[in-house]
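Read the figures in this text as sums done on the coordinates, not as results from a lab. In this text, all values refer to a predicted model and were calculated from it rather than measured experimentally. Glycine also receives a Cβ, built like all others from the backbone with ideal geometry; neighbour counts cover every protein chain displayed.
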Amino acid sequence: MNAKAERPYSSPLRTEQAAATRARIVGATVALLQDNDESSFSMQDVADRAGVAVRTVYRAFPTKDDLIAGVLDAIRARFDARAGEPPTTSEELRASVPAAV
């Protein structure tokens, strides 16, 4: 059996749990970004902060670039809700983290 095979059913509860886990990972990354830049912490640091296995982080965000993009997406969504301008660069992201939390 292929480990990556699609499940034959859809579970709304599983979808909610996956979204909550992804949000925890993004939140942990935001917290780490408040004290560091993205090059000074690892995916393991994110996993530890989020309280999940590092494998879970990699399932949600296969690379660190994907993780940072996920954080940017979350911040953009918060800015959209506040009708502000979202960050477009890493520098703007670091500067916007305290304002978005």
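Tabulated data
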item	result
Three-way shape label, the range 11-84, alpha-carbon gyration tensor, a/c 1.5	oblate
Cβ-defined net charge surrounding Ser39, 14 Å radius [Lys, Arg +1; Asp, Glu -1]	-4
Distance (nanometres) between label positions extended 7 Å along Cα→Cβ at Thr63 and Ala95	2.6 nm
Phi-based couplings in Hz for the range 67-76 (Karplus 6.51, -1.76, 1.60; Gly and Pro marked x)	5, 5, 4, x, 5, 4, 4, 5, 5, 4
